[in-house]
Ligand SMILES: Cc1cn([C@H]2C[C@H](O)[C@@H](COP(=O)(O)OP(=O)(O)O[C@H]3O[C@H](CO)[C@@H](O)[C@H](O)[C@H]3O)O2)c(=O)[nH]c1=O
């Protein structure tokens, strides 16, 4: 165990208290008191002290030493809480010295009543001793600074953030012998931080100036020393770093920092989650709980990546019944495991049915009579549907109609159709068929009293068969990694976040609407691939295969013709979708290259 760790002890709240006594600074401080007391008496009595005055000097020094230890302990001065010469240490030192000085004045009054000297003399001792204590700390800092020389192999590093976290990190980097990263400058957007300096490290500019500052400072690494950096900020920094061939490091999450402080060895690479993830959404639980609690809820496609997480989240709102429908047995088992913690598949809550089978769908709705439906069942692989458009039509359009009709027949009150950004300005069979499902949902909203609406969002991170697991496999296999186009971008969201917003949208949407989730900024697929390769430490080749039929370079969340309005939730906007019955959808059928 290192001396530092031996000095740490966690309190009941998980915060670190440093408890070990640090004697050297205490010895220096009592030496300061002794020198100040002796000097004051010698000077006042013309360098000739009587025996009783010598005794008084000894008594006062002993009193000062004891009081300094007592008050210093209370103020954590000798318990390694503060950095040497830090503002916090100076404040604790001043409190301690004044309390000690006051004790000494009282002792002087009591013990020295028979000796002829003014009390103001004792008062003069306090600033003298304090000035010397400041001095010892200043010397200590100078010594630290002199020792602070970069390791020859250390990487020149820019630190983003000149707040508590950044400045503490720099102190640690500079004073840790053999540290791998050597700070050469800080960046901060706050004007009040523009003059911050820690040791030799100054604020060189703002985050916007990162590209120029990387070049100017000859930096080879950037550390994001911001307690909770936003995902868009991380993405932006990573993009710049990729361009300038600079390594990006991030610090541990805030709760870990609170537990054990910051140390250069805690710096870690930016992950794909950092790049793809987004800020947590603020979900209004009342809106959700109101329509799910005590309701019979049915989810189609419950075995899929989105359907299963939806089921898991719905179950937390205590529905009267949660019916999970899928045509895939294994998917149903996964969903059951997530919801109930068992995968026995022996109860009525799991239903094996294909939405293409209108009779089966009608029967299951008649049996369970759901009040709320989330329709997540769909065929989703864009290139596959380009090759088998008829299959896309059967599941995504006819299957959706089957579910809508069965829902209307049993009086479903709320129907949420899960759509995709591919349905906006569609160019693929997947897009056209999902767009058709939006039209049908809107149309059914007109035929019933229920709220029938769609929710549209972009790619979800790590869904089964999507880019992220595919890249992982390709890297495991040693590559090459196939990228359709170097410039291709997609909007990303985590599955739990998408599901939360879907539940929220179901609470606030009106019939005939498409609720569009705020997906943040699109992310370049090539950057993700490069990051994954860098994290694997392998030498993986990237090959460009060309955009596939129907695949867009950049997705849109809304069609050009759509009039988008804000909704009651800041992360959700909405637009009306034209209600079209199946017979009116023939043009869609034709565009999907499916000849009827
Ligand atoms: C698998 C793979 C993908 N890509 C590219 C193609 C896309 O531009 C991007 C993301 O690919 P995928 O994860 O397959 O997602 P994408 O084609 O956009 O479509 C998905 O995302 C949609 C959401 O918009 C879902 O509705 C679809 O069901 C789903 O298939 O990465 C590559 O460059 N190389 C690859 O090997």
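Data table
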read-out	value
Evaluated over segment 155-270, the Cα radius of gyration and Dmax, each in Å	12.7, 36
Two-site FRET efficiency, residue 200 against residue 576, from Cβ-Cβ distance with R₀ of 60 Å, rounded to 0.05	0.50
For segment 325-469, alpha-carbon Rg relative to the globular expectation (2.2 N^0.38 Å, N residues)	1.05
Mean Cα-pair separation over length for the chain, i.e. relative contact order, pairs under 8 Å, 6 or more apart, %	9
Peptides 356-363, 436-443 ordered by average Cβ neighbours within 10 Å, highest first	436-443, 356-363
For segment 6-147, projected area of the alpha-carbon convex hull averaged over all directions, nm²	10.0
Residues 61, 167, 484 arranged by fewest to most Cβ contacts within 10 Å	484, 61, 167
Overall form of segment 184-238 per C-alpha gyration tensor (a/c, 1.5; a/b vs b/c)	oblate
More than 21 Å apart - percent of Cα-Cα pairs taken over segment 422-534	49
Mean ellipticity per residue at 222 nm, deg cm²/dmol - from DSSP H runs of n ≥ 4 across the chain, formula -39500 (n - 2.57)	-14000 deg cm²/dmol
Cα pair count fraction exceeding 37 Å, expressed as % - the chain	53
Cα convex hull of segment 399-446, projected area averaged across orientations, nm²	3.3
Compactness of segment 342-389 - radius of gyration and Dmax, Cα, Å	14.2, 38
For segment 299-314 and segment 356-384, distance of Cα centres in Å	12
Residues 311, 32 arranged by fewest to most Cβ contacts within 10 Å	32, 311
Net length gained if the chain between residue 583 and residue 66 were fully extended (0.36 nm per residue, minus Cα distance)	176.7 nm
Order of 422, 153, 193 under a 10 Å beta carbon neighbour criterion, fewest first	153, 193, 422
Label-point gap, in nm, between residue 427 and residue 342 - each point 7 angstrom along Cα→Cβ	5.0
Gap separating the Cα centres of segment 461-487 and segment 189-217, nearest whole Å	37
Residue-span extension gain [residue 116 to residue 387] - 0.36 nm each, minus C-alpha spacing	86.8 nm
Computed E for residue 94/residue 284 - FRET, C-beta separation, R0 56 angstrom, nearest 0.05	0.70
For segment 456-596, projected area of the alpha-carbon convex hull averaged over all directions, nm²	10.8
Globularity ratio of segment 80-200, using Cα Rg and 2.2 N^0.38 Å	1.52
Pairwise FRET efficiency - residue 321 versus residue 227, Cβ, R0 = 56 Å, nearest 0.05	0.80
Sorted peptide list for 42-49, 244-251, criterion being average Cβ within 10 angstrom, highest first	244-251, 42-49
Antiparallel bridges, percent of DSSP beta bridges restricted to the chain (to nearest 5)	25
Fully extended contour minus Cα-Cα distance, from residue 216 to residue 106, at 0.36 nm per residue	33.6 nm
Residue 363-residue 565 pseudo-label distance in nm [points 7 Å out on the Cα-to-Cβ vector]	4.3
Cα centroid separation, segment 67-120 to segment 425-450 (Å)	78
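Read the figures in this text as sums done on the coordinates, not as results from a lab. Note that this is a predicted model, so its numbers are computed, not measured. Heads up, the Cβs are rebuilt from the backbone with ideal geometry, glycines too, and the neighbour counts pull from every protein chain shown.
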